[in-house]
Amino acid sequence: MIPLSLAEIAALTGGRQHDITESGREVTGPVVIDSRQAGPGSLFAAFVGEHVDGHEFAESARQAGAAGVLATRPPGGPAIVVDDVVRALGALARHTVAELGTRVVALTGSSGKTSTKDLLAQLLQRLGPTVWPEGSQNNEIGLPLTALRADRGTRHLVLEMGARGVGHIRYLTELTPPGIGVVLNVGTAHLGEFGGREQIALAKGELVESLPPAAEGGTAVLNADDPYVRAMASRTRAAVLLFGEAEEADVRAADVHLTSAGTPAFTLHTPTGCGEVRMRLYGEHHVSNALAAAAVAHQLGMPAREIAQALSEAGTLSKWRMEVTERADGVTVVNDAYNANPDSTRAALRTLVAMGGRAQGPGGGTAEGGRTWAVLGEMAELGDEALAEHDAIGRLAVRLNVSKLVAVGGREAGWLDMGAKNEGSWGEESVHVSDAEAAVDLLRSQLRPGDVVLVKASRSVGLERVAEALLAEEPGGRPGEATGGGAR
């Protein structure tokens, strides 16, 4: 963050100074919304949530060294009192980005945003100091917090932009105007909130509409393989750079295949050269994410061979996204429980099946079993499409020949189970359990060396508890030994 006095923050946010006795008191550290993350020189933003009122933790933040508090009522001690903390954070972010003149790269899409952000951050770090979101900070609170981590040494600022409706991305681009905008896809996530893909495309396209003209360096990086995204070329004044597997893509992948480990490999082609990529991430869906990151790196001057090398070395920076860990007994756990939608779940199931073909026991020998387990929960925010989409995922598990489907939860999980059983031939291969604890009990009693377990659901389900329990201890009560990380 660039240093700002509390008086300057008050002026930028339209706030009122409260109980500030030290003239020129300055914020030099990060802006935080959790008092436990406060430190010397930080600014604590106090939000009033459904269950917690941040104002009650203002004193804890000050004791940790916070220079002041951003609040909607006087919390006691040095503070800036504003009408709306969210809007105040946005004003600070807008000032920071304008003051620094940092190259802003923003990306959006129905799925793959966080994985692409992680890849892009690892590529751009090779070109200079880069700031990117921690986890999935992509809304009107998370985006300003990310932008406020930039300082005068920051060369690239990578931002993830999410939307719950039309107008949300437009607002975010007004806070942090991007020079490069990336649209990954228009999928089925949040169908219930948007009402259809056309509305999703309308909202996602606000990003390319915000870009400066090509003459001023604006670049729209668009997925050539997604017709909804490709059509956004007509909505921007910026130069258009296409990525994908289509022949006409400027940055494209050829000879795409999965290795025996379930990781994708391909030949990267760019306008300036080509290179071989063998990724460490799991699943063929990461090819599109990698191409999007490669297109941005190409636009910023990175040679094709260096891009290919960086993609081959890149891992995951965010938890619970295809985190692969092999236990000492040969059971492999794939924790992809951070979020789920129909598109990402289909991709995860295909990856599970590919990984099942390489199952090995302890020491690398071929193990008995090698079964694939899909532990799935609700995919949220699908609206009227929820029944059809959950049913389709259950049917897909059968068609892919997944060995065991464990549907976890209530009504939506029942639809998963119903889809699998209605597809035919499956009897005990699909089971519906009430909660994560029941799923863990079932798995502990039936897993054997060589099995691969995928855990995936929307974040609200909390299905990461299944993966964590399976990794917490080995069968027989012995501590688990992880032989693989999030990306091997």
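The values are calculated or read from the model by the stated rules, or taken from the named source; none is laboratory data. Just so it is clear, the model here is predicted, and its values are computed rather than measured. Please note: Cβ atoms are built from the backbone with ideal geometry, for glycine as well, and neighbour counts cover all protein chains shown.
Before we move on, is residue 121 surrounded by fewer than 23 Cβ atoms within 10 Å (Cβ to Cβ) and either touching a strand residue (DSSP E or B) at 6+ places or on another chain (Cβ under 7 Å) or more than 24 Å from residue 27 (Cβ to Cβ) (or both)? Working first, answer last.
Values: surrounded by fewer than 23 Cβ atoms within 10 Å (Cβ to Cβ): yes; either touching a strand residue (DSSP E or B) at 6+ places or on another chain (Cβ under 7 Å) or more than 24 Å from residue 27 (Cβ to Cβ) (or both): yes.
Yes, satisfied.
Name the pairs: first residue in segment 113-132 and aromatic (Phe, Trp, Tyr), second residue crowded, with 20+ Cβ neighbours inside 10 Å, Cβ to Cβ under 6 Å, at least 6 apart or on different chains?
Here the result reads 132/117; 132/158, each pair linking segment 113-132 to a residue that is crowded, with 20+ Cβ neighbours inside 10 Å.
For the list (1) in a helix (DSSP H, G or I); (2) of a type outside the set (Val, Ile, Thr); (3) in contact with a Gly (Cβ under 7 Å, 6 or more places away or on another chain), I need the number of the one condition that residue 120 fails.
For residue 120, the exception is condition (3).
Within segment 272-296, track down each residue that is among the small types (Gly, Ala, Ser) and buried (at least 24 other Cβ atoms within 10 Å of the Cβ).
First, the residues of segment 272-296 that are among the small types (Gly, Ala, Ser): 273, 275, 283, 288, 290, 292-295.
Matches in segment 272-296: 283, 288, 290, 292, 293, 294, 295.
Would you say residue 62 is touching a Leu at 6+ places or on another chain (Cβ under 7 Å) and at pLDDT below 95? Outline the logic, then answer.
Numbers: touching a Leu at 6+ places or on another chain (Cβ under 7 Å): no; at pLDDT below 95: yes.
No: the conditions fail for residue 62.
For the condition more than 30 Å from residue 199 (Cα to Cα) and surrounded by fewer than 18 Cβ atoms within 10 Å (Cβ to Cβ), what is the one hit in 98, 79? Outline the logic, then answer.
Details: 79 fails: surrounded by fewer than 18 Cβ atoms within 10 Å (Cβ to Cβ).
Of 98, 79, the one residue that is more than 30 Å from residue 199 (Cα to Cα) and surrounded by fewer than 18 Cβ atoms within 10 Å (Cβ to Cβ) is 98.
As an exercise: evaluate residue 273 against (1) within 27 Å of residue 387 (Cα to Cα); (2) of a type in the set (Gly, Ala, Ser); (3) assigned by TED's automatic domain parsing to the domain that holds residue 243 and give the number of the one condition it does not meet.
Here residue 273 meets the rest and fails (1).
Kindly provide the set of residues from segment 253-278 that are at pLDDT 95 or above and closer than 25 Å to residue 326 by Cα, ordered by number.
If the condition is that a residue be at pLDDT 95 or above and closer than 25 Å to residue 326 by Cα, then 265, 277, 278 are the ones that fit.
Please tell me if residue 417 is modelled with pLDDT of 90 or more, in a helix (DSSP H, G or I) and in contact with a helix residue (DSSP H, G or I) (Cβ under 8 Å, 6 or more places away or on another chain). Full working, then the answer.
Details: modelled with pLDDT of 90 or more: yes; in a helix (DSSP H, G or I): yes; in contact with a helix residue (DSSP H, G or I) (Cβ under 8 Å, 6 or more places away or on another chain): yes.
The answer is yes for residue 417.
Being buried (at least 20 other Cβ atoms within 10 Å of the Cβ), without any contact (Cβ under 8 Å) to a residue 60 or more places away in the chain and out of contact with any Lys or Arg (no Cβ under 8 Å at 6 or more places or on another chain) is the filter; apply it to segment 58-76 and report the residue that is farthest from residue 285 (Cα to Cα). Steps first, answer last, please.
To start, the set of residues in segment 58-76 that are buried (at least 20 other Cβ atoms within 10 Å of the Cβ) comprises 58, 61-62, 66-71, 75.
With the extra rule that they be without any contact (Cβ under 8 Å) to a residue 60 or more places away in the chain, the set shrinks to 58, 61-62, 66, 69, 71, 75.
Restricting the remaining residues to those that are out of contact with any Lys or Arg (no Cβ under 8 Å at 6 or more places or on another chain) gives 58, 61-62, 66, 71, 75.
On the way: 58: 43, 61: 42, 62: 45, 66: 42, 71: 42, 75: 48 Å.
Looking at residues that are buried (at least 20 other Cβ atoms within 10 Å of the Cβ), without any contact (Cβ under 8 Å) to a residue 60 or more places away in the chain and out of contact with any Lys or Arg (no Cβ under 8 Å at 6 or more places or on another chain), I get 75.
Quickly run through segment 222-268 and pick out the residues that are without any contact (Cβ under 8 Å) to a residue 40 or more places away in the chain, more than 29 Å from residue 178 (Cα to Cα) and of a type in the set (A, V, I, L, M).
254, 256, 265
Kindly list, by first and then second residue, each pair from a residue in segment 1-22 that is more than 23 Å from residue 131 (Cβ to Cβ) to a residue that is of a type in the set (Gly, Ala, Ser), limited to pairs with Cβ atoms under 6 Å and residues at least 6 apart or on different chains.
Sorted first by the residue in segment 1-22, then by its partner, the pairs are 6/68; 17/10; 18/79; 19/77.
Considering only strands (runs of 3 or more DSSP E) fully contained in segment 200-315, which possess at least 3 residues that are under 17 Å from residue 112 (Cβ atoms)? Show your work before the answer.
Values: elements: 219-223, 239-244, 251-258, 264-270, 273-278.
In segment 200-315, the matching strands (runs of 3 or more DSSP E) lie at 219-223, 239-244, 251-258.
Kindly provide the set of residues from segment 267-304 that are at positive phi and of a type in the set (Phe, Trp, Tyr), ordered by number.
None; the set is empty.
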